[in-house]
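Encoded as structure tokens, the structure appears first; notes follow it.
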Amino acid sequence: MKYLLTLVFGALAGGALVYFLFVGAPGGKPLSGAPVGAPDPAGDPPGTAIVELDEQFFDTLLGTVFKDLGEPTFRLARGGTLFPTLEPEPVVRYVETQGGGCQNQVVVAPEGGGVRTGVRLENNQVLAPLAFKGSYNLLGNCMNFSGTAQANIQLNFNAQEQVLAGQINVETVNLDNVSPIFSGPITAFVQNSLNMRVNPLILMRGQQIGLNIPVQATGGTLKAQARDVRAEVKDKALRLHITYNFSGAKGAEQSPG
């Protein structure tokens, strides 16, 4: 079970990293599968592994992203239209400094406006406070803006496709020192940029969530496929309860000893 937990933790950490690098598939596609529910009050079924990630894990991960990779930047508008059209190009790039001109972009910052970008686990929710800055060509005027946002992340599991995904929902956007005349379009631009470009967040899929462990002493391979995922937020930590169906295959290819 310790080996199982280690493998699952590694896969989940990789999935969390994918999210925080903001490279989720673009397009605002709806999630498939079923929402991840709470664990059974009667207890977990046999074959369940529990993975726990706390806020300090996410803070350390995000700190590394900002320090080593730079600030995630979304360039989403074509031209200077009031309602930007999403471009069929990479959803994110990492930059150390912003170039000149009106970039039509949202940049996620480490902190700003008294908010530190991160993950907060409370009230049985996965919350994502965000600090941001950027520029937007609005009716021929280049508007530089900054502010904060509050988002939540909903988890979804598709057992048939073996995909654990998330949906980020930006609930509120607060702009700093922006005229009320322009705040509406800029707020919509920021909210749609994050909601449409990041989702869905593919956290774990295929071999990342399943297991394939050679057992040399028996000349076979132990396989496990996730059949159910439950989640809870408790004591400032996210706990995933992953239940597996196990099977064995004799005579499978073995790793070199």
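Projecting each Cα onto the charge dipole of the range 118-257 (Lys/Arg +1, Asp/Glu -1 at the beta carbon, about the Cα centre), which of 216, 248, 167 comes out farthest on the positive side?
Positive-most Cα among the choices belongs to 216.
The range 165-249: which trypsin sites (Lys or Arg not before Pro) are DSSP loop and have at most 13 other beta-carbon atoms within 10 angstrom?
The qualifying sites are 236.
In debye to the nearest 20, how big a dipole does the range 130-257 give about its Cα centre with +1 on each Lys and Arg Cβ and -1 on each Asp and Glu Cβ?
The dipole of the range 130-257 has a size of about 260 debye.
Whole percent per 10 Å bin, from 0 to the bin with the longest distance: what is P(r) over all C-alpha pairs of the range 105-257?
All Cα pairs, binned at 10 Å, distribute as 10, 28, 24, 17, 12, 6, 2, 0 percent.
With viscosity set to 1.002 mPa s at 20 °C, what whole-number translational diffusion coefficient in µm²/s follows for the range 142-201 from Stokes-Einstein and a Kirkwood radius over Cα pairs?
Roughly 164 µm²/s, to the nearest whole number.
May I ask you to derive the FRET efficiency for residue 40 and residue 69 from their Cβ-Cβ distance with R0 = 51 Å, giving the value to the nearest 0.05?
My answer for the efficiency is 0.80.
Largest first, how would 142, 102 line up by accessible area (1.4 Å probe)?
Final ranking, largest accessible area leading: 142, 102.
Considering Cα pairs under 8 angstrom that are at least six residues apart, work out the relative contact order of the range 100-257 and quote it in whole percent.
Relative contact order, the range 100-257: 18 percent.
The values are calculated or read from the model by the stated rules, or taken from the named source; none is laboratory data. Bear in mind the structure is a predicted one, so any value in this text is a computation, not a measurement. Cβ: placed from backbone, ideal geometry, glycine included. Neighbour counts: every protein chain shown. We work out accessible area using only protein heavy atoms, side chains counted, and drop any ligands, DNA or RNA first. Shrake-Rupley method; radii C 1.70, N 1.55, O 1.52, S 1.80 Å.
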